[in-house]
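The structure appears below as structure tokens.
The values are calculated or read from the model by the stated rules, or taken from the named source; none is laboratory data. Keep in mind it's a predicted model, so treat the numbers as computed, not measured. Every residue, glycine as well, gets a Cβ built from its backbone with ideal geometry; the counts of neighbours run over all protein chains shown.
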């Protein structure tokens, strides 16, 4: 699934690049963005903690020559949380970690608001759930570690196929070697639940850094 996601992003990048070459007066600007972040799910049940997540996207903006520029993108969003249980040596197990990963392809629509070299970028998107995985890491008292990744199963409810991510980026543009880059911070929140029809208020959210290259 990850390979298919990468192929899709590469294909869209090629299309956007061709559009930019054909565009007159550089009306369209293209950027590639990556954002590692710490994510979690709202309404903690037992002992959920933050996990390292990430999202990547390609974005095209319309160059209005002003301070406000509309944008449209295509991206991959990985989010979720970590669940840790201390076993204390029972049955030879020291601890067990469950890393829950929820993965989406999404289309963000936003407005870039520039103040000199700084900019704000609020976005709202529409995402499609492509996979839900659990990575189990078991540490034994003898020092050995066992790792396993499987499809996540639910006791009740079902995963929402569609997601509505809301995000805000604050960044600064810099130039290195004649190339234009952006760096800053980015936060996001899922407007609808990850799993529906359950009592838990389970919305994903995350906060991290932003790294982008402007083409």
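Residues are listed down the side, and each one gets a yes or a no for (1) surrounded by 14 or more Cβ atoms within 10 Å (Cβ to Cβ); (2) under 30 Å from residue 142 (Cβ atoms):
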position	(1), (2)
67	no, no
82	yes, yes
93	yes, yes
97	yes, yes
127	yes, no
Legend entry - the range 51-65, residues that are within 17 Å of the chain's Cα centre (by Cα) and either more than 30 Å from residue 143 (Cα to Cα) or surrounded by 15 or more Cβ atoms within 10 Å (Cβ to Cβ) (or both): 51, 53, 54, 55, 56, 57, 58, 59
Legend entry - Cβ-Cβ under 9 Å pairs, at least 6 apart or on other chains, the range 120-131 side within 7 Å of residue 104 (Cα to Cα), far side at pLDDT 95 or above and outside any strand (DSSP E or B): 127/164; 128/161; 129/160; 129/161; 129/194
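If we scan the range 90-109, do we find a residue that is under 26 Å from the mean Cα position of the chain (by Cα), in a strand (DSSP E or B) and under 19 Å from residue 181 (Cα atoms)? Let's see the steps before the verdict.
Just the residues of the range 90-109 that are under 26 Å from the mean Cα position of the chain (by Cα), to begin with: 96-109.
Next, from what is left, pick out any that are in a strand (DSSP E or B): 96-109.
The next check asks that each one be under 19 Å from residue 181 (Cα atoms); those that pass are none.
No.
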Inset, instruction - Scan the range 129-158 for residues that are within 20 Å of the chain's Cα centre (by Cα) and part of a loop (DSSP other than H, G, I, E, B) and jot them down. - result: 152
Legend entry - Qualifying residue in the range 166-186 (condition: touching a residue at least 40 places away in the same chain (Cβ under 8 Å) and more than 26 Å from residue 29 (Cα to Cα)): no
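Does residue 78 meet the test of being exposed (fewer than 15 other Cβ atoms within 10 Å of the Cβ) and touching a residue at least 12 places away in the same chain (Cβ under 8 Å)?
no
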Inset, instruction - Return a yes/no flag: does the range 130-141 have any residue that is closer than 28 Å to residue 69 by Cβ and exposed (fewer than 15 other Cβ atoms within 10 Å of the Cβ). - result: no
